[in-house]
Amino acid sequence: MNLPFFANLFKKKEKPLSLLDSILVKKLKTVSVINDLDLYANVPIYHHAQVYYIPLILLDPSRGLYIFEKKEWSYDELKNATVEKAQNQEASQDSLAYQNTQEIIHTKFNELIHNDGVPIHNFLLMENLNADEYEHLNDSFKELLPKDKIIFNDTQAQEIVKKLEQVPKQALASRDTILGNLLIQYTILDNNLQLHFCTKEQIDFIDKNILTTFTLSGEGTSGKSSALLLKALLYKLENPSKTLIIVKPTKLAADIFKKQLLETIEHAIVEVDLATISVLTPIELLNLHLAKLKKELLQKALFIDEILMKKKFNAADFILCDDVHLLESDFINYLRHIQNDKPLLLVDANSQDSDFTFTKSFAKDEREVAFLKTHPHAKALQLISKLLQDNEAKDILVIANSLSKEKLNDDLEFFIKDKALLLDSSKNLIDQDFNSLCLTTYSDLVGLEAKHVIMFDLCFTKLSELEFAFKLAQESVYILYDEECDEINTLKDKYESRKN
């Protein structure tokens, strides 16, 4: 008897067909939601230059990973099957299809965290076989595939839970550690190199196929820039030969993004052709176009020459533009022009008409908030001296206008031993010492964060810039002012009630 259907169980698979949303898969989804488990279908694992596809994988944070193989076999096909016949078709129990998947997962964990990472448990989804039919199969088949490792087409949700919970509980690494080291395309690496696994809405955005102009919106702490980075990384993993441009508003922001991208690629242990990725400021992108047209290049001021809007420019296969709300509308129109028939992602915190919106904020509600009516300059010096008693200089960010920033820097020489950094977003990252106390303006904040933020010169500053600055603080934020104004009162109404 020819048994190709049975032998397939033992053969290693490169890229399985996409798993359809069958009745059993829907039951597993229900079980995962009710029991707070993580279920992913048709998910790729990227490692070095290879990609491996897993039809269905579930994480129970107290038991480990479950891998599900879906089989279409019916009772009529299996009733005469024996293990011996399958073994004659060049297979053995040690080369089950999911065995290959286990080896891939363990290899990924071993290279990233130097151990096997997490227990892995195997189950079969038998879409066309019920529990009663199983009892009439050959005993050798039942030895190879025990009943408690099979989910039949008539298995109910509660029975599925019981089968999964046969595995004993044990202490495992955190969800972020397990999924973050396995599904690197959904893993945010923060400035302290800690892993944060994406939310469902972030994953949905990262997986979205963008074919034309697409706008992502969300408030300042919703993880838009991190998701943009992962979107760019996944695009390159799926399209190794295609070119990519990421636009950031300043040279410093572009350098910070490059550093984060390199750190993410290094952590993920994947191979990406960095020569096909460019991180540019708006002026740098315009100058590429001007150079092609043999026109004079821009120096500091951004200006869209009419000829640029009349000529096609094949800048990249995909352009991703971050912080659109900080850029001029003429430049955004220019991006729409050059990417007319190609994908363009616009990340805009202020968009009222976006294609996708992040609703979750990652701002810490437990931050200490202080509104202090005082002499801002003198109070800032006092606060800095106090904060430096228990914190490193790099943990403190002071935001003011240019004049106040310069004056504060002069006076700090007499108050602290640490040298301050007068941040300049037009300079490269390598030219600025970010281990220092940082003094900056509200227009130069892209890419920054700090434990403690001190803000003054708030009046006549855009409320959106103040909100952005406010949310950079991880532990405390101090608003210093000598006179009330609309901007301060708005912030008070929103945040003063959260003061500890």
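As a proxy for reagent exposure, 47, 114, 377 were ordered by neighbouring Cβ count within 10 angstrom, fewest first; the result is 114, 377, 47. Fewest-first ordering of 471, 26 by other beta carbons within 10 Å of each residue's beta carbon gives 26, 471.
Are any of the pairs 300/342; 451/471; 79/163; 471/492; 149/200 more than 19 Å apart by Cα-Cα distance, and if so, which? Where the Cα-Cα span goes over 19 Å, the pairs concerned are 300/342; 79/163; 149/200.
Which loop GluC sites (Glu not before Pro) in segment 249-312, with loop taken from DSSP, have no more than 10 other Cβ atoms within 10 angstrom of their Cβ? Kindly include the intermediate steps, with their values, before the conclusion.
Values: sites: 263, 266, 271, 284, 296, 306; in loops: 271, 296.
Here the GluC sites (Glu not before Pro) that fit, given the DSSP loop and packing criteria, are 296.
Each of residue 368 and residue 140 was given a label point 7 Å from its Cα along the Cα-to-Cβ line. The distance between the two points is 7.4 nm. Of the chymotrypsin sites (Phe, Trp or Tyr not before Pro) in segment 323-398, not one is in a loop by DSSP (not H, G, I, E or B) with at most 10 other beta carbons within 10 Å.
Within segment 397-467, which GluC sites (Glu not before Pro) sit in a loop by DSSP and count at most 13 neighbouring Cβ atoms inside 10 Å?
Passing sites in segment 397-467 are 413.
Normalized C-alpha radius of gyration of segment 185-358, against 2.2 N^0.38 Å?
Values: Rg = 15.7 Å, N = 174, 2.2 N^0.38 = 15.6 Å.
This ratio for segment 185-358 stands at 1.01.
Among beta bridges identified by DSSP and lying wholly in the chain, the antiparallel ones come to about 25 percent. Can you tell me what share of the DSSP beta bridges in segment 368-498 is antiparallel? A percent to the nearest 5 is fine. The antiparallel fraction comes to roughly 0 percent. Compute the angle between helix 282-292 and the longest alpha-carbon principal axis of the chain, please, reported from 0 to 90 degrees and rounded to the nearest 10. In the chain, helix 282-292 runs at an angle near 80 degrees to the longest axis.
Geometric descriptor of the chain, per residue, is 183 Å³ (volume of the convex hull of the Cα atoms).
Extending 7 Å from the Cα toward the beta-carbon at both residue 212 and residue 389 defines two label points whose distance is 6.1 nm.
No disulfide-compatible partner, judged by a Cβ distance under 4.7 Å, exists for the following cysteines of the chain: 198, 321, 438. Using R0 = 30 Å, the C-beta based FRET efficiency linking residue 148 and residue 174 works out to 0.60.
No value in this document is a laboratory result; all are computed from the given coordinates. Nothing here was measured: the structure is a model prediction, and the numbers come from that model. Positions of Cβ are generated from backbone atoms using ideal geometry, with glycine treated the same way; all protein chains shown enter the neighbour counts.
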